[in-house]
Amino acid sequence: MDRIVVIGAGQASAWAVNTLRQQGFPGEIHVISNEDQVFYERPPLSKQVLSKEATYESLNLFKRDQIDQLSITWHKPDHATQIDRDNKLVVLESGKKLPYDKLLIATGSRARVPVQKWNDLNNLFTLRNVQDCERLSGVLEESGKLAIIGGGWIGLEIAATARKKGKEVHIFEYGDRLCSRSVSPEVSRFLKDIHEQAGTYIHLEAKNLELNESVNHKIIVDDAKDIVAFDAVVVGAGADIAKELGTESGLEVRDGIVVNQYGQTSDEDIYAAGDVAIHPLLGYSIQSWANAQNQAISAAKSMLGIATEYTDIPWLWSDQYDYNIQILGTYQPEKYEQLVIRESSETQKSFLYLDEHKRLLNVIAINDSKLIKLAKRWMQNATVLEPDQLSNSDFNLMKLKP
Ligand SMILES: Cc1cc2nc3c(=O)[nH]c(=O)nc-3n(C[C@H](O)[C@H](O)[C@H](O)COP(=O)(O)OP(=O)(O)OC[C@H]3O[C@@H](n4cnc5c(N)ncnc54)[C@H](O)[C@@H]3O)c2cc1C
């Protein structure tokens with residue numbers, strides 16, 4: 001094998017390329033990126049970078065000389081427009097045609113704006129990349145009043161950052177609770193409480209939002225109950241998975257590109273990892289930092305013939321105000337038999353969901369990373385747990401053997 005081509009230069013791409021070289025791949029690596037800044041992490045964009053506690057440089061996964069040592073042939077800024085599977089070529093917007101022996105699709109996802117005409121509003125923002133963050137952080141300094149459309153993780157993090165800066169923040173959520181796709185009603189309530197305590201206004205069931213621009217570029221939000229003017233509106237209404245290259249080239253695609261546990265698509269020479277790919281055990285895309293990194297590492301090794309399964313239990317985190325929120329496992333209400341709440345202090349609390357055999361399915365830990373480490377072992381080993389011990393904050397959980 002002489003040449004590996006990677007589409008995208010985000011987190012999954014970075015870890016894949018690094019792994020290929022670490023494993024001794026001597027051939028050509030070509031990376032196509034439609035962004036100028038490459039190989040950077042996005043989570044701080046809605047947290048420390050937006051609040052200006054961290055710089056854009058701190059996002060970089062590797063130092064300049066480390067990237068040089070990877071001996072990459074860059075195609076940037078450029079955009080992959082087509083995969084010609086018959087001739088094993090990637091076609092670029094610039095007109096280049098890149099042959100590949102193996103190809104990795106690591107195109108991630110894009111911020112979704114649910115109503116097309118909202119894109120024409122001057123002070124409407126999304127947050128997916130460095131440019132978005134630069135625009136948004138500029139306006140955040142100047143605005144007094146901010147509307148956030150979407151009560152998911154990114155919307156809540158932006159709300160927390162803006163509140164810390166003393167802005168008036170209103171969240172408009174279509175559903176009847178926050179983060180409803182990824183957490184239970186109890187956790188949604190917890191999230192609502194911490195935001196309301198911090199002074200954020202939360203408008204649930206905001207189903208018929210109308211957005212219009214006033215003469216002074218304020219955005220008038222009409223939620224069918226109130227009509228309020230905002231200096232800026234941020235849309236955090238989920239992501240569109242950038243799977244079109246997979247669909248158009250005839251790969252098997254569901255909500256993400258379908259891959260097996262080795263990251264291999266329905267074409268044996270094409271792999272996919274990160275937001276654009278499904279999680280092989282769950283069958284849908286997990287949009288998280290850990291997933292992008294670990295699925296890419298496994299795909300890169302597997303491309304080189306070192307078959308490496310990726311079957312990680314999904315894990316993600318969010319930081320809001322003084323709360324570090326970590327989620328292990330997925331929200332599966334149909335399988336939940338029992339909820340155990342462990343509360344060690346006012347700011348340290350966890351929600352543990354057990355199945356009918358008292359095995360852990362899902363944990364949401366607030367300011368408790370130790371619990372997450374233990375829970376991972378319990379879940380991997382299908383440990384049978386005692387709810388009384390879990391809920392007793394005086395009981396040392398280290399005593400529970402995985
Ligand atoms: C603001 C924000 C906060 C987040 N916070 C958290 C968090 O707290 N915890 C957590 O676990 N996860 C978080 N995430 C999610 C996490 O960052 C993503 O899951 C991760 O970045 C996915 O990595 P990826 O490599 O799959 O995609 P990306 O990092 O999106 O990289 C894909 C790259 O491919 C490029 N590209 C797409 N199509 C083409 C093409 N045709 N040609 C060339 N280039 C192309 C894109 O422009 C992009 O640069 C956050 C995401 C965002 C946006």
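The values are calculated or read from the model by the stated rules, or taken from the named source; none is laboratory data. This structure is a prediction, so every number in the text was calculated from the model and none was measured. Here Cβ is always computed from backbone atoms with ideal geometry, including for glycine, and neighbour counts include all displayed protein chains. Keep in mind that these areas ignore ligands, DNA and RNA; they rest on the heavy atoms of the full protein, side chains included. Shrake-Rupley method; radii C 1.70, N 1.55, O 1.52, S 1.80 Å.
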Of the accessible area of the range 324-402, with the probe set at 1.4 angstrom, what percent is carbon plus sulfur?
43 percent
Inter-centroid distance (Cα atoms) of the range 207-280 relative to the range 8-67, Å:
21 Å
Counting alpha carbon pairs within less than 8 Å and at least 6 residues apart, what relative contact order, in whole percent, applies to the range 322-399?
31 percent
Is it possible to state the helix-based mean residue ellipticity at 222 nm for the chain, with each DSSP H run of 4+ residues giving -39500 (n - 2.57), the sum divided by total residues, to the nearest 500 deg cm²/dmol? What is it?
-7000 deg cm²/dmol
Treating the Cα atoms of the range 322-399 as identical point scatterers in vacuum, please give the log10 of the normalised Debye intensity I(q)/I(0) at q = 0.11, 0.14, 0.16 Å⁻¹, two decimals.
-0.24, -0.39, -0.51
What's the extension gain from D255 to E268 if we count 0.36 nm per residue and subtract their Cα-Cα distance?
2.7 nm
Hey, could you get me the Stokes-Einstein D for the chain, Kirkwood radius over alpha-carbon pairs, 4 °C and 1.567 mPa s, rounded to whole µm² s⁻¹?
57 µm²/s
With a 1.4 Å probe and every protein chain left in place, work out the accessible area per residue of the chain in Å², rounded to a whole number.
46 Å²
Using DSSP to define loop residues, name the trypsin sites (Lys or Arg not before Pro) in the range 298-365 whose beta-carbon has at most 16 other beta-carbon atoms within 10 Å.
K358
Solvent-accessible surface (1.4 angstrom probe) belonging to Y284, in square angstrom, nearest 10
90 Å²
